[in-house]
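Working notes, beginning with the structure itself.
The values are calculated or read from the model by the stated rules, or taken from the named source; none is laboratory data. Just so it is clear, the model here is predicted, and its values are computed rather than measured. Glycine gets a Cβ as well: all are built from the backbone with ideal geometry, and neighbour counts include every protein chain shown. The area values use the complete protein model at the heavy-atom level, side chains included, leaving out ligands, DNA and RNA. Shrake-Rupley method; radii C 1.70, N 1.55, O 1.52, S 1.80 Å.
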Amino acid sequence: MSSGFCLEDTPVNQKKSNKFQKQRTTHNTSSDKNVYAIVQPATRNPPTRNPPTRNSPTRNPATRNPATRNPQPTNPQPATHQLATRNPPTRNSQPTNSQLATHQLATRNPPTRNSQPATHQPATHQPTNPQPTNPQPTNPQPATHQPATRNSPTRNPPTRNSKKSVYLPTDMKKLLIANRGEIALRVMRTAKEMGIRTVAVYSEADRLAPHVRYADEAVCLGPPPSNESYLLGDKIIAEAKKLGVDAIHPGYGFLSENAAFAAAVNKAGMIFVGPPIHAIQVMGSKLAAKDTVKDYNIPMVPGTDEAITDIPAAKKIAGEIGFPILIKASAGGGGKGMRVVESPAEFEEQMQRAVSEATSSFGDGSVFIEKYITSPRHIEIQVLADNHGNVVHLFERECSIQRRHQKVVEEAPSVVLTPELRAAMGKSATDVARSCGYSGAGTVEFLLDDELNYYFLEMNTRLQVEHPVTELITGIDLVQQQLLVAQNKPLAFTQEDLSFSGHALELRVYAEDPNNNFLPSVGNLQTYRPPKGHGIRVDDGFEEGMDIPIYYDPMIAKLITYGSDRDEAIRRMRRAISDYQITGVATTLSFGEFVLQHDAFLSGKFSTHFVKEYFNPKPDAGTEEEAQVAALLAMHLLKNDVALSTNTVKEQASVSKWRQRR
């Protein structure tokens, strides 16, 4: 591990300072020669070969068939590692040597794609001294493998950037995680189970963080501010190249949805563990996303199809749509640049505020207008896609308990979706993924009105904070799937193979004061003891005695519980909250307890307005008295500081120059 003094996700909406924040780069397929080996698709009658076996000391010598010159490695892959406790069986009763081991993070039996899934030969290692330019490979590539499908075993799989070329599986030996805290640890654990070495990056504020110590290697990026550390895409890439990194996983937040950074990673000869650059660009703009999916008949909220800047024209359109309306930043997220307008009288003022906030937050002041759904639920669908044309969804997550348009409590499945509605929303989600040529893990978000009509909202082209609840009900390790897809492996299951059971809840434990409008509460974790027990999972990146930095998102941990049904998951979450011991900072644990005891949540009859409608904390008498004492103490300290400053100025004239410099 590297030494030095030199990050949990910052808000995605933080204004970024380096060139990656505003640059939009079109993907250059020529740069992919450094990442994947490209060959022509396999013919219908490929030459035969005798692959080496584990028990055969000899192999056929090279013949005129060039496919045998570089035989595949004979060593079996590492054994599987099961992270959970419900004893999920292996995918096949007798796996072949060439199959990559799978690790299930959650508690259910993982689905299988076919009774006899296709085997996947790992790629040969790249030469240790590649040429500085992009030479054509001199050694023929190994035979391509076809993804397992139900009805077309011989089809040639499509690729990210070419309809004629096929990307062969790419070996991943070392992975850099361009993030901090709990998500960095989450990715590292799965990577290590897959036999992949890990590299951490950190700022000076995180030099003692658990993710730094857990990684095989670590690199300091700079001072604590994210624009001087975790947002330095050029520096991250340069350090990755020095360490011989094969791939970079962005986590969420920071550079995770930055197309320019993804393009730079590919250009540097490394794999970006995420979707294609085009998908990031298109889905990064709400207007472009709407235009991309319009041919798939996906329900949309009534509104404009393009950015509006002319206030009188926008006001006329708003009147045609009908108030209340919602003004939204095209490049926004997390509630930034968003304004609800109840009547024409307040339209101009709210429009100006939305444009100003969008400009300051994202560097893009373009906004659009849509009908405001008065009592919506926020439902999102998890999707997975590979580079071979396979797309599936892993069902929904209910994310309606929010503060300031940001999620606090999530659960899966939703209590209001019928099987028919779930299937329809799942199909729409996979259609969104297909519309932009998506691959990897992504999330399609919808609004659901009180009549169970759903409307496409946006797509997040990254791993979501709340992904653990999906893992627990499906038995699928989403990070593992990301890494497999990044190595060009086809999905090992179809939609028909997937199912879910049980119920999972997640509470985001923020260092925030729910009784003070959820304002951040920075300080020292004087006590930090997470709960334990059956059905409880804690994803965190802090330890007792650590400080909560002021530079990043204040999330301390994600508390997740699983039960055979919703009632059991809720009871388990209540117990976990009670057992969670944190002192030194205020947290959202008390808010989570309030939610889990409220009739609206227990009955499933709630919307995104839950906090506004039900949570109105009033400080008790003791709190008000403490606040008054604190105010008086602050005034006293201020007077002392003023006096001290005055005395110091007077004293400076009499002290020696040596003492001034000391």
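Within the range 394-409, one or more residues are closer than 24 Å to GLN487 by Cα, modelled with pLDDT of 95 or more, surrounded by 19 or more Cβ atoms within 10 Å (Cβ to Cβ) and not polar (S, T, N, Q).
Beta carbons closer than 8 Å, at least 6 apart along the sequence or on distinct chains, pair a first residue in the range 238-253 that is over 14 Å from LEU185 (Cα atoms) with a second that is small (Gly, Ala, Ser) and open to solvent by 10 Å² or more (accessible area, probe 1.4 Å) for ALA240/ALA268; LYS241/ALA268; LYS241/GLY269. None of ALA268, ALA264, ALA260 is surrounded by fewer than 21 Cβ atoms within 10 Å (Cβ to Cβ) and either hydroxyl-bearing (Ser, Thr, Tyr) or more than 30 Å from PHE368 (Cα to Cα) (or both) except ALA268.
If you check ILE536, ILE560, ILE556 for being of a type in the set (Val, Ile, Thr) and open to solvent by 10 Å² or more (accessible area, probe 1.4 Å), only one passes: ILE536.
Do the conditions hold for VAL391, that is, is it β-branched (Val, Ile, Thr), open to solvent by 20 Å² or more (accessible area, probe 1.4 Å) and closer than 23 Å to GLY437 by Cα? The answer is yes for VAL391.
Are any residues in the range 464-485 assigned to a loop (DSSP other than H, G, I, E, B) and either at pLDDT below 95 or among the charged types (D, E, K, R) (or both), and if so, which ones?
GLU466, ASP477
If you go through the range 225-238 and keep only what is in contact with a Phe, Trp or Tyr (Cβ under 9 Å, 6 or more places away or on another chain) and either open to solvent by less than 20 Å² (accessible area, probe 1.4 Å) or of a type in the set (A, V, I, L, M, F, W, C) (or both), you end up with SER226, SER229, TYR230, LEU231, LEU232, GLY233, ILE236, ILE237.
Could you grab me the full set of residues in the range 305-335 that are out of contact with any Asp or Glu (no Cβ under 6 Å at 6 or more places or on another chain), within 21 Å of VAL444 (Cβ to Cβ) and surrounded by 13 or more Cβ atoms within 10 Å (Cβ to Cβ)? Answer for the range 305-335, where residues must be out of contact with any Asp or Glu (no Cβ under 6 Å at 6 or more places or on another chain), within 21 Å of VAL444 (Cβ to Cβ) and surrounded by 13 or more Cβ atoms within 10 Å (Cβ to Cβ): LYS328, ALA329, SER330, GLY332, GLY333, GLY334, GLY335.
Would you be able to tell me the number of residues in the range 501-524 that are surrounded by 20 or more Cβ atoms within 10 Å (Cβ to Cβ) and in a loop (DSSP other than H, G, I, E, B)?
Taking the range 501-524 as the starting set, the residues that turn out to be surrounded by 20 or more Cβ atoms within 10 Å (Cβ to Cβ) are 502-512, 514, 518.
Retained after the next criterion (residues that are in a loop (DSSP other than H, G, I, E, B)): 502, 511, 518.
The qualifying residues number 3.
For PHE362, the conditions (1) open to solvent by 10 Å² or more (accessible area, probe 1.4 Å); (2) under 17 Å from LYS290 (Cβ atoms); (3) among the aromatic types (Phe, Trp, Tyr) are fulfilled apart from (2). For ASN488, the conditions (1) over 30 Å from SER603 (Cα atoms); (2) assigned to a loop (DSSP other than H, G, I, E, B); (3) open to solvent by 10 Å² or more (accessible area, probe 1.4 Å) all hold with the exception of (3). Taken over the range 387-409, the criterion of being part of a loop (DSSP other than H, G, I, E, B) and within 17 Å of the chain's Cα centre (by Cα) is satisfied by no residue. Within the range 411-445, the set of residues being open to solvent by less than 20 Å² (accessible area, probe 1.4 Å) and small (Gly, Ala, Ser) comprises ALA412, SER414, GLY426, SER428, ALA429, ALA433, SER439, GLY440, ALA441, GLY442. With respect to the conditions (1) within 22 Å of LEU463 (Cα to Cα); (2) in a strand (DSSP E or B), PHE542 lacks only one, and its number is (2).
Please specify each residue of the range 197-215 satisfying the condition of being closer than 15 Å to LEU483 by Cα and open to solvent by 10 Å² or more (accessible area, probe 1.4 Å). Within the range 197-215, just ARG197 meets the criteria.
In the range 358-374, how many residues are at pLDDT below 85 and closer than 19 Å to ASP310 by Cβ? Steps first, answer last, please.
Looking only at the range 358-374, we keep the residues that are at pLDDT below 85, and these are 358-366.
Next, from what is left, pick out any that are closer than 19 Å to ASP310 by Cβ: 358-359, 364-366.
Within the range 358-374, residues that are at pLDDT below 85 and closer than 19 Å to ASP310 by Cβ number 5.
Restricting LEU637, LEU633, LEU644 to those that are open to solvent by 100 Å² or more (accessible area, probe 1.4 Å), more than 30 Å from TYR372 (Cβ to Cβ) and at pLDDT below 50 reduces the list to LEU644.
Residues that are within 29 Å of TYR614 (Cβ to Cβ) and polar (S, T, N, Q), at least 2 per element: which helices (runs of 4 or more DSSP H) completely within the range 273-386 meet that?
Values: elements: 277-283, 286-293, 311-321, 347-362.
Counting at least 2 such residues, we get 347-362.
For a quick check of your reading: which strands (runs of 3 or more DSSP E) sit entirely within the range 186-266 and have at least 3 residues that are over 19 Å from the mean Cα position of the chain (by Cα)? Show your work before the answer.
Working: elements: 197-203, 217-222, 247-249.
Per the criteria, 217-222.
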